[in-house]
Amino acid sequence: MSGAKQRALAICHTPYQVLVELVRALRENAPTDFLLSAVVPDAVSLSRRLAAAGFSAQVFDEDACGNAIQPGLVRTLLFQKLLGRRNVEKYYGFTLCKNRYSRVYIHNDWSVLGRYLQDKNIPYILCEDTFASTCHPDHPLIDRQRAQPHFRLLQKLGKGYLYWGDWKGVCAVETEDRARCGLTRMPIAEHSKAALFATLTPGQKETVLRVFLTDPLPQKADGAVIFMPRDFVSENLCTQAEQAALYQAAARRFCTGGPLFIKAHPRDETDYSRLFPGAVILQRTMPSEVLNFCLPFRFARAVTIESTVLGSFQVADEKITLTLAQARALIEPGGR
C-alpha cells in the first residue's frame, strides 16, 4: 500500500462501508487506500475493481491473527497491546505506521483491525457501520461497556480495548444527524451520507458503478423492472423448487414491460441467471444505495415478496410488495 503521509486509510467490513469510503474519496478528491476485511463478500474481486478505479486496495484476513484479549486487569495492562501487535505484525506479516496516514476511517472498531489501531495508538475516525446507526434511541452495548469494572481507568490509560467510540484515541464519531444522535461523552461529528451520495457527479457515479457492477448495464432501460427477492429457503419457509416457482410466477405477473433486473440478498445463493435468462443480474453484494444514487435511469416498477427492502428504495415509480401467501396463490391452479 502506498505510504504518502497525507493519504487517508479506509478500513471496511461490509460493501456498504466500501461504498461510503469510495464516495467520500471521490467527493473530497482525497488519495485513499482501502483495507478490506476478508469478511467482505467477494473481497478480493472488489479490491481489484477498486484498484482498476485508481485506488490502492488490500484484503486482510482477520481470522488469521488470533486473539490478544487478556483475562484480568493486570494482564490487560501489561500484555494486551504487545500481544495484539505481535499477532498482526509477526504472525500475519502486516504493519501500519502511526504517521503513515493523515486520517484513518473505520466503521467497526471492535474488529481485529480496530483493536490493532488501539494497540498501535493510531487515532481514527469512527464511522457508522450502517446508515444512521448512531441515530438509534438506545445503545445497550455502549451502556454495558461503560458499566464494566475499571472502565474509566482503562479509558484514561488507553489500555484494554474500548469500542464504539469510547477509546481515548478516537478523533471523532460520525453521525448522520447530530440532532437525532443520542451518543454522549464522545466527540460527535455530523457527516450525512445521504447528502454525500446526493452530490455525486455523473462521472463519479460511473466510477461507483464500475466498482460495484461486474457486467455493463443495458443501453436502453425504458420501462425497466427490478425484482428484489428474499431467500425463503435459508429461512426454511419453502423448498428450493417452490421458491423458484414463486419467483417465476411473480415475475410473469408483475415484471413485464421492460428489461428485468434482479437484485438478490447477499446471502441468497440462487442462480437467477437460470431462473430468468436474459435478465440483468446485479451483484448480490452491491449496496442498495448504489441503485438509489448512481443509476442513470429510474425503474418503472420494483417488486419484492414479504420483505421490507422497498421501504428505502427511491428509484421506482411503482413499488409492489407481495405477501408470501399472495405469491403462493400465483402458482396455484388458476392463479394470476
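Computed quantities for the displayed model
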item: Filter result for ASP63 (within 30 Å of PRO287 (Cα to Cα), of a type in the set (Asp, Glu) and in a loop (DSSP other than H, G, I, E, B)); result: no
item: Any hit, the range 1-9, residues being in a helix (DSSP H, G or I), of a type in the set (D, E, K, R) and touching a residue at least 60 places away in the same chain (Cβ under 8 Å); result: no
item: Criterion violated by GLN155 - all others in (1) without any contact (Cβ under 8 Å) to a residue 12 or more places away in the chain; (2) surrounded by 15 or more Cβ atoms within 10 Å (Cβ to Cβ) satisfied; result: (1)
item: Residues within the range 255-302 that are more than 23 Å from TYR16 (Cβ to Cβ), of a type in the set (A, V, I, L, M, F, W, C) and either open to solvent by less than 10 Å² (accessible area, probe 1.4 Å) or out of contact with any Asp or Glu (no Cβ under 7 Å at 6 or more places or on another chain) (or both), tallied; result: 5
item: The lone exception for ALA52 - which of (1) of a type outside the set (Lys, Arg); (2) surrounded by 14 or more Cβ atoms within 10 Å (Cβ to Cβ); (3) under 24 Å from LEU213 (Cβ atoms) it fails; result: (2)
item: Test for ARG328: is it outside any loop (DSSP other than H, G, I, E, B) and farther than 20 Å from LEU213 by Cβ; result: yes
item: Meets criteria (in contact with a strand residue (DSSP E or B) (Cβ under 7 Å, 6 or more places away or on another chain), under 23 Å from MET186 (Cα atoms) and open to solvent by 30 Å² or more (accessible area, probe 1.4 Å)) for SER111; result: no
item: Any hit, the range 147-165, residues being hydrophobic (A, V, I, L, M, F, W, C) and in contact with a Pro (Cβ under 9 Å, 6 or more places away or on another chain); result: no
item: Residues that are part of a helix (DSSP H, G or I) and open to solvent by 30 Å² or more (accessible area, probe 1.4 Å), drawn from the range 164-203; result: ARG178, ALA179, ARG180, ALA194, ALA195, ALA198, PRO202, GLY203
item: Selection within the range 315-330 - within 28 Å of PHE131 (Cα to Cα) and either surrounded by 13 or more Cβ atoms within 10 Å (Cβ to Cβ) or among the aromatic types (Phe, Trp, Tyr) (or both); result: VAL315, ALA316, LYS319, ILE320, THR321, LEU322, LEU324
item: Any hit, the range 121-134, residues being assigned to a loop (DSSP other than H, G, I, E, B), out of contact with any strand residue (DSSP E or B) (no Cβ under 6 Å at 6 or more places or on another chain) and without any contact (Cβ under 8 Å) to a residue 40 or more places away in the chain; result: no
item: The range 62-103, residues that are of a type in the set (Asp, Glu) and either touching a residue at least 40 places away in the same chain (Cβ under 8 Å) or open to solvent by 60 Å² or more (accessible area, probe 1.4 Å) (or both); result: GLU62, ASP63
item: THR14 open to solvent by 40 Å² or more (accessible area, probe 1.4 Å), under 21 Å from LYS205 (Cβ atoms), under 20 Å from the mean Cα position of the chain (by Cα) and of a type in the set (Ser, Thr, Tyr); result: yes
item: Tally, over the range 284-314, of residues that are touching a helix residue (DSSP H, G or I) at 6+ places or on another chain (Cβ under 6 Å) and assigned to a loop (DSSP other than H, G, I, E, B); result: 5
item: Lone unmet requirement of (1) within 17 Å of TYR161 (Cα to Cα); (2) in a loop (DSSP other than H, G, I, E, B) for LEU83; result: (2)
item: Lone unmet requirement of (1) in contact with a helix residue (DSSP H, G or I) (Cβ under 8 Å, 6 or more places away or on another chain); (2) β-branched (Val, Ile, Thr); (3) open to solvent by 20 Å² or more (accessible area, probe 1.4 Å) for VAL44; result: (1)
item: Output for the range 218-253, where each listed residue is within 16 Å of VAL280 (Cα to Cα), open to solvent by less than 80 Å² (accessible area, probe 1.4 Å) and not polar (S, T, N, Q); result: PRO218, ALA221, GLY223, ALA224, VAL225, ILE226, PHE227, MET228, PRO229, TYR247, ALA251
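The values are calculated or read from the model by the stated rules, or taken from the named source; none is laboratory data. What you see is a predicted model; the values in this text were computed from it and never measured. Neighbour counts run over all protein chains shown; Cβ positions are idealised from the backbone, glycine included. Calculation scope for accessible area: heavy atoms of the full protein, side chains included, ligands and nucleic acids excluded. Shrake-Rupley method; radii C 1.70, N 1.55, O 1.52, S 1.80 Å.
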